[in-house]
Amino acid sequence: MMRADFGQTVLGTVDLKAGRPVPIEVKYSNASFIMGPGLSLGWKPPDPDMLAKAVAAAKQSDMAIVFAAEQMGEGQDKITLALPGDQDRLIRAIAQVNPHTIVVLHNSNPVAMPWLSQVAAVVEAFYPGQEAGVSIARVLLGNVNPLGKLAMTFPANEHQGPGADFLDYPGDVTTVNYSEGILVGYRWYDAKNQEPLFPFGHGLSYTAFQYSDLQISRTGGDQATVKARITNTGTREGAEIVQLYIGYPAAAAEPPKQLKGFEKIRLKPGEGKIVTMKLGKNSLAVWDVECHGWKAYPGVYSVMLGSSSRDIRLQGSFPIK
């Protein structure tokens, strides 16, 4: 258990063979406990009957819905991408007998999905609260069209992303090194050419959206206005969150692109509307360590409109002298 300021439940798995004892070592520190120290250790043997019953039910069903979760919270560091316990094993087993398996995730951080190619769909529900059942059922039944976008990047494995190096995290146990500098989040993946499991800003819909007619107009020395038409080309009403990314001149030494604006637009089937986003001085300026102030570097600025950080639909540019 690492850096848990509040009471948490940490799960782990171990393979056992009959008649062979296995030592268990628990490393525990009460140095950072806010609510007072405490430790309890328990174990639960695997239940083959439960797994067999779940597989049998899935095999006889038209569709299987598996709810999987992890418990994370304030004051606890994430030490693995895997779902706790034997949930991955359960999902794999059910997906093998039912191709129409849907996984609903309740988590607050990225998780690994080794079974992703075997399931029909994944609903990232995070921690939705007391109306979780009603809201998720409405999404699954198609009564509402999902429009959420990921506010974080899901790495494909534990070697991706900032903080993946052991010297950065967990560091020397008391100090974490933030060697990524300005390459925070999706910026790291872009700069290092890493293909994530799901990119920042990703989110699917029951309809489809077309981007067209990009227009970029200068409204000042270091300001600009970006416009584009978004059209619902599907058969369902839905909302798209249009994301505006900017690429800086090389002299600015910034990440390949950075989110500078977003706009949610709700459209009926066949409907199209113009989205307008403005880039002010604060959107284009970067901190200059030599002059100790904000500065808009001269050069060509790239404009990228997309449905996620990796799904760029329209591109353009404008200069600043």
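Key figures for this structure:
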item	result
Given charges at beta-carbon only (K, R positive; D, E negative), |dipole| of the range 209-320 in Debye	340 debye
Ellipticity estimate at 222 nm from DSSP helix runs (n ≥ 4, -39,500 (n - 2.57)) divided over the chain, nearest 500	-3500 deg cm²/dmol
Among GLU237, GLU131, GLU271, residue whose mean-square fluctuation peaks in a GNM of the chain (springs only between Cα atoms under 10 Å)	GLU131
When the convex hull of its Cα atoms is projected in every direction, mean area for the range 172-321 (nm²)	11.2 nm²
Sites TYR206 and ILE274, calculated FRET efficiency, Cβ-Cβ separation with R0 22 Å, nearest 0.05	0.40
Listed residues PRO249, THR219, SER302: farthest to the positive end of the dipole of the range 209-320 (Cβ charges)	THR219
Extension reserve of the MET63-ASN157 stretch, reckoned as 0.36 nm per residue once the Cα distance is removed	31.0 nm
Segment ALA18-LYS192, length gained on full extension (0.36 nm per residue, minus Cα span)	58.0 nm
Gain in span if fully extended, ASP47 to ALA121, counting 0.36 nm per residue against the direct Cα distance	24.0 nm
Per-selection Rg to Rh, the range 108-203 - Cα, Kirkwood hydrodynamic radius	1.05
Rel. contact order, % - alpha carbon contacts under 8 angstrom, at least six apart, the range 209-320	29 percent
Rounded to the nearest 20 debye, dipole of the chain from Cβ charges on Lys, Arg, Asp, Glu	1020 debye
Point-to-point label distance, ALA239-VAL300, nm (Cα→Cβ direction, 7 Å offset)	3.7 nm
Label assignment, log10 I(q)/I(0) by the Debye sum over Cα atoms at q = 0.06, 0.14, 0.15 Å⁻¹ derived from the structure, set (i) -0.23, -1.06, -1.18; (ii) -0.29, -1.26, -1.34; (iii) -0.20, -1.08, -1.23	(ii)
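Readers should treat all values here as calculations from the given coordinates under stated rules, not as data from a laboratory. Just so it is clear, the structure is predicted and the values come from calculations on it, not from any experiment. For neighbour counting, all protein chains shown are included, and Cβ atoms are generated from backbone atoms with ideal geometry for every residue, glycine included.
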